[in-house]
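Structure in structure tokens, see below.
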Amino acid sequence: MENNKPRLFETAMALKAMMNLGYKHTDAAVAEIIDNSIEAGAQNIDVIVIQAPGGKTRSVWQVKTIAVLDDGCGIEPELLSRILSFGYGTHRDASRTPNADSFGKLGKFGVGLPNASISQAKDISVYSWQGGIENTYVSKLFVDKILSGDEESQHPAEPARIPNSLSSIFNSLGIKVSNSGTLVVWDRVTDRCNWAKGTTLVDKVEERVGRVFRKFIHSGKVKIRISVFNENKLDKSIVEPKFVRVNDPLFLMPNSIADSFRKEDDISIPEGESLFNRYPPESYTCFDLKVPYQNVNGEEDEAIVKIRFSKCRQELRQRVNKRYAGSTRVGQLTGRNQGVSILRAGRELELSQTWLTEDTRNRWIGAEIDFPPALDDCFGVSSTKQGASNLEDLAHKFNCDQILGEFNEQWKLGHPGEPNRKFIWEEMIELLRSEGDNRWVLYTVARRLSDNIKDIFRQLRKDKIEDEPPAAEPKEGPRTKGNEVPMGDKGGKEVNPVIRNTPGNQNPPKPLTPEEEEELSESAAGDPNAPNSSEEDKLEFQRVLRFIKDNPEAKAVFANSRIGSNAFFDCTQEFDRVIIRFNKEHLAYTELFQQFGKVLDGAATQDESPELRFENADILKVSFLLMIYAWAWTETSLTEDDALVARSIRNEWGAKLYRLLKEFEKQRSL
């Protein structure tokens, strides 16, 4: 405390809080650094990853260092001395400048570089030079020293040389360091980093970065390269360094990742033609929105919200070599790119799936919104630039009739004594616009999104294609009691008795429709760890699949597997579906799933005594209670901070379970 005035922030606690603000993944944090490079006028950007042995046995290679090198304009020493401090960005007024529509105005609050850095690493160094590499300065921030109270700020800029390890890498990559530039180095990368094996890292990062910066790569303004090195061999990348290609979720840009799959997928669309068509083809820009605003000089100006759509060409959805379209390399990529791409100044903030239903045919729809920084407040851009919260919130509850009804009711309450008036949609939008209420922008964008996505989906349903598999027929095979369907390995007799056709079931599930079969096969196709569902698997889970298809609350694929861990089940996410694999080697599988079967068998066949049926039901009850106790014991054993997270998860899980069971109850009553 100075002059008896308390500081606004206590440094260590503030830094710890900022570390937990959160980037969804390491790709998003690295994208912040690339943002800075693009704003600095860089034409060449290198993302370099260095691995080192880690884990208890040091037998697993883990990311140790991430470095981003650019050939931009560099940073003056005075600015470099505060570049890792929060709120000192060079584009704090970007959203209010007259050129707010300028391509590449990516900065916002001046927190991107420090926030992204502390979210991923413990030691951060920023090297920069102007007028030659010999004029290099460096400023450093040591997170552990800040948290311990030993230091309270970043180190002032001082003359320095590029570390020898990175110089060796530059030589191996043939990099000629430019006359000016910047090198951001994250050392001692933390476990928040979700980049895994170097052999697969390059492709995964390319897909994400290629989508986020597709406009810049496509325009030729920037080249981004990714390379991975082991710390004991810095003279050669462990995988071929790769220049990031465009990953366009509208599938209209040439020379994209999708184009590289044409030959493998035997796509009939000629080279040079896009995989999707613009929608509508006759006027691709017809849905753009002009938004007036007042710039920093008090002058009237105009911002453009670009709203674009595309629709898959019918040829792409046809079966190729007996493969369904969704299981091809391009089909899997469309699934991973499924959603509405939200861009700010040409840079993707988020790929939102909230606007689409769970139907896998939505992968064949492309949609994007691109708005300038002038509309940040209107759309609700976050400090981490990972979304537009105002638009996303609207997506969860967008209903034109409801919005209009609420507006009319609010107008009536705000104008007592005046004649009752019923606004139509266009009148409401015009009134909001005239009053300077930015909701008119959000409502207009949301409606254009919603209406066009529905129109394109209706056209997709009308398209004549051959990509639907035939309806699944139950396989003949060894049976157990009643009509149980064997599960597990070939020839095995393991049964998941929860969902099946027993003699006591008067309403057995119908065979899967082609669409349901397609949903199951396509949902699992994109994940190498997903279960390979056999025909028996699909038959066993028919009832829950039918419930899932009819209920937007549930998006899942179920199967049984040997997970090789203590977990009762494993889950991964692909194409907005959760793939759940139950561990057949876990005791809970026997005590819960097979016990369900005994109870159902006893009720169906009546060949067990009341005492035995009671015992089986009681075992099931105890097993269920033990499962809940195991969670409770784990939660109460956590640290206070982790317990808060666990309780929040438990509440979310309970709410989700309640909604699902209510919907299932309604379905059973039909």
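The values are calculated or read from the model by the stated rules, or taken from the named source; none is laboratory data. All figures in this text were calculated on a predicted structure; none of them were measured in a lab. As a convention, Cβ positions derive from the backbone with ideal geometry for all residues, glycine included, and neighbour counts pool all protein chains shown. Ligands, DNA and RNA are stripped out before the accessible areas are found, and what is left, the full protein with its side chains, is counted by its heavy atoms. Shrake-Rupley method; radii C 1.70, N 1.55, O 1.52, S 1.80 Å.
For residues in segment 52-89 being assigned to a loop (DSSP other than H, G, I, E, B), among the charged types (D, E, K, R) and closer than 23 Å to K233 by Cα, which is modelled with the highest pLDDT?
Per the stated criteria, the residue is R58.
Just need a number here: residues in segment 318-337 that are closer than 23 Å to H25 by Cβ, touching a strand residue (DSSP E or B) at 6+ places or on another chain (Cβ under 8 Å) and among the polar types (S, T, N, Q).
2
Okay, moving on. Looking only at segment 136-167, count every residue that is in a loop (DSSP other than H, G, I, E, B) and crowded, with 16+ Cβ neighbours inside 10 Å and tell me the total.
Adding up the residues that qualify gives 6.
Follow-up question, since we're still on this one. On the basis of being crowded, with 18+ Cβ neighbours inside 10 Å, closer than 30 Å to S81 by Cα and at pLDDT 90 or above, does V177 make the cut?
No.
Now for a separate question. Of the conditions (1) open to solvent by less than 10 Å² (accessible area, probe 1.4 Å); (2) of a type outside the set (S, T, Y); (3) in a loop (DSSP other than H, G, I, E, B), N297 clears all except one; give me its number.
Exception for N297: condition (1).
In segment 436-452, which residue that is assigned to a loop (DSSP other than H, G, I, E, B) and of a type outside the set (S, T, N, Q) is surrounded by the most Cβ atoms within 10 Å (Cβ to Cβ)?
Among residues in segment 436-452 that are assigned to a loop (DSSP other than H, G, I, E, B) and of a type outside the set (S, T, N, Q), the one surrounded by the most Cβ atoms within 10 Å (Cβ to Cβ) is D437.
Do you know which residues across segment 253-281 are of a type in the set (S, T, N, Q) and either touching a residue at least 40 places away in the same chain (Cβ under 8 Å) or open to solvent by less than 20 Å² (accessible area, probe 1.4 Å) (or both)?
S256, S268
Please tell me if L333 is in contact with a Lys or Arg (Cβ under 6 Å, 6 or more places away or on another chain) and either under 15 Å from R211 (Cβ atoms) or at pLDDT 95 or above (or both).
no
Give me a count of the residues in segment 150-170 that are at pLDDT 85 or above, of a type outside the set (V, I, T) and more than 20 Å from N135 (Cβ to Cβ).
Total satisfying the criteria: 3.
Condition test on S95, is it modelled with pLDDT of 95 or more and crowded, with 21+ Cβ neighbours inside 10 Å?
Answer is no for this residue.
Continuing with this model, one more query. Yes or no: A646 among the aliphatic types (A, V, I, L, M), modelled with pLDDT under 75 and open to solvent by less than 50 Å² (accessible area, probe 1.4 Å)?
No: the conditions fail for A646.
Pick from segment 278-312 the residues that are under 30 Å from D463 (Cβ atoms) and β-branched (V, I, T): which of them is farthest from the chain's Cα centre (by Cα)?
Taking the candidates together, the pick is T285.
Pull up segment 112-135, narrow it to residues that are buried (at least 21 other Cβ atoms within 10 Å of the Cβ) and assigned to a loop (DSSP other than H, G, I, E, B), then point me to the one that is modelled with the highest pLDDT.
Checking each candidate, the answer is Q120.
Do you know which residues across segment 369-400 are small (G, A, S), open to solvent by 30 Å² or more (accessible area, probe 1.4 Å) and part of a loop (DSSP other than H, G, I, E, B)?
S382, S383
Residue check, E240 against (1) open to solvent by less than 60 Å² (accessible area, probe 1.4 Å); (2) assigned to a loop (DSSP other than H, G, I, E, B), all met but one. Which one?
(1)
Tally time: how many residues in segment 237-264 are of a type in the set (D, E, K, R) and in contact with a helix residue (DSSP H, G or I) (Cβ under 6 Å, 6 or more places away or on another chain)?
Count: 4.
Now for a different question. Kindly indicate the residue of segment 401-424 that is in contact with a Phe, Trp or Tyr (Cβ under 8 Å, 6 or more places away or on another chain) and at pLDDT 90 or above and also surrounded by the fewest Cβ atoms within 10 Å (Cβ to Cβ) among those meeting that condition.
F423
Separate question: Starting from segment 332-349, keep only residues that are surrounded by 21 or more Cβ atoms within 10 Å (Cβ to Cβ) and part of a strand (DSSP E or B), then list their pairs with residues that are at pLDDT 95 or above and hydroxyl-bearing (S, T, Y) whose Cβ atoms are within a distance under 8 Å, requiring at least 6 positions of separation or different chains.
Within 8 Å, the pairs are E348/S341.
For residues in segment 306-331 being in a helix (DSSP H, G or I) and open to solvent by 20 Å² or more (accessible area, probe 1.4 Å), which is nearest to D248 (Cα to Cα)?
Only one residue fits best here, namely R329.
Among residues belonging to segment 255-298 that are among the hydroxyl-bearing types (S, T, Y) and out of contact with any strand residue (DSSP E or B) (no Cβ under 9 Å at 6 or more places or on another chain), point out the one that is nearest to D370 (Cα to Cα).
Ranking the qualifying residues of segment 255-298, first place goes to S283.
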